[in-house]
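For reference, the structure discussed in these notes is given below.
Quick note: the coordinates plus some simple rules give every number you see, no bench work behind them. Just so it is clear, the structure is predicted and the values come from calculations on it, not from any experiment. All Cβ positions, even for glycine, are placed from backbone atoms using ideal geometry, and neighbour counts span all protein chains on display.
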Amino acid sequence: MTKSQVLETLDHLPEDFPAEQLIEAIREREMIAAAERQVEEEKVISLEEAKNRMRQKWSK
């Protein structure tokens, strides 16, 4: 995360807020960025594939 991304996150918060709210907003942004990287790297599977894997696992 860059300083400009933190400042952008800060700009979306109200004028007065607890520090925990900023920390949570930064964590959320990091989680979204991580998920986007996983999609770009094709490290995700479709819902249908997940269902198939669960069926195979539980049918043993």
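Taking label positions 7 Å along the Cα-Cβ direction at both GLU49 and ARG37, the computed distance is 2.0 nm, reported to one decimal. For the range 44-53, putting each phi into the Karplus relation 6.51 cos²θ - 1.76 cosθ + 1.60 with θ = phi - 60° gives couplings of 10, 10, 6, 4, 4, 5, 4, 4, 4, 5 Hz, in residue order, rounded to whole numbers and with x for Gly and Pro. In sequence order, the range 9-18 has phi-based couplings of 4, 4, 5, 8, 8, x, 4, 10, 7, x Hz under the Karplus curve 6.51 cos²θ - 1.76 cosθ + 1.60, θ = phi - 60°, and Gly or Pro positions carry x.
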